[in-house]
Amino acid sequence: MRLLYACSELGLGHASRTAALGKRLEQRGHEVFFFSGGKAYGLLKREFRNVYPVTPISWYENTSGIITTASLINILFPLPVYNSETDRFEVKTSSAMETIHRYYDLRKHIYEIKPDALIADGDLNALRMAQRWKIPDIYITNVIRPSYGFSPLLSPGERITERYVKKCTKIIIPDNKPLYTVCEYNIGDLHNVGIAEKTEFVGSFFGTKPT
């Protein structure tokens, strides 16, 4: 099969999982085309041949970590940010514009690759594209409804993104099966979300035994 594999760059955990699963897929004879941005792109580029850069989507952060208030403002408005790696100030594009550019970065390769299926590790843009182009899609995540137990009025953005999660073909959670799930509170009630039947807990992508 020809697989388009889109990986989020928000933390390198997505890229590490992608590298582990990508190698297994290639060993089984699948032709895999990887897409990511930022440092995740560099990591995957060292591991695979068919790796393509896309616009990274990021929170507003500095050396102390993510700044929540600035990140919320940055959803719609560009903001100045200090880049400690280059030792200078830059302008961070709004998250909304990053999202739009990333979607079109992915889409321009559809006719070239003609994927039989799409795998998205944390990349909702890829799910949206797969559903728009009617491509079977698999979503890998350990965060579905972290606000479970709170009023839906407190998490409107979460409900918007769920529309793509609910429509995807299969959902893979790299965690232990209930009752031993580590990220239980990030997942929420799968029956309440309406995706329990197409969700599978597969455990860690990495070996956990001492070597």
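The values are calculated or read from the model by the stated rules, or taken from the named source; none is laboratory data. Predicted, not measured: the structure shown is a model, and the values here were computed from it. Glycine also receives a Cβ, built like all others from the backbone with ideal geometry; neighbour counts cover every protein chain displayed.
Annotations for the structure displayed:
- When the stretch 14-57 is limited to residues that are within 21 Å of G203 (Cβ to Cβ) and among the hydroxyl-bearing types (S, T, Y), the one that is farthest from the chain's Cα centre (by Cα) turns out to be S16.
- Some residue of the stretch 21-31 being within 23 Å of P174 (Cα to Cα) and part of a strand (DSSP E or B): yes
- Filtered by the rule that a residue be aliphatic (A, V, I, L, M) and in a helix (DSSP H, G or I), the stretch 35-73 gives A40, L43, L44, A70, L72, I73.
- Filtered residues of the stretch 1-20 (kept if in a strand (DSSP E or B) and surrounded by fewer than 16 Cβ atoms within 10 Å (Cβ to Cβ)): R2
- Residue check, A117 at pLDDT 95 or above, of a type in the set (A, V, I, L, M, F, W, C) and surrounded by fewer than 18 Cβ atoms within 10 Å (Cβ to Cβ): yes
- Long-range neighbours under 7 Å by Cβ, at least six apart or interchain, first residue touching a residue at least 40 places away in the same chain (Cβ under 8 Å) and among the aliphatic types (A, V, I, L, M) within the stretch 192-207, second surrounded by 11 or more Cβ atoms within 10 Å (Cβ to Cβ) and part of a strand (DSSP E or B): I195/I171
- Subset of the stretch 111-128 [in a helix (DSSP H, G or I) and either within 30 Å of K177 (Cα to Cα) or in contact with a strand residue (DSSP E or B) (Cβ under 8 Å, 6 or more places away or on another chain) (or both)]: I113, L124, N125, A126, L127, R128
- Qualifying residue in the stretch 79-96 (condition: of a type outside the set (S, T, Y), at pLDDT below 95 and in a loop (DSSP other than H, G, I, E, B)): yes
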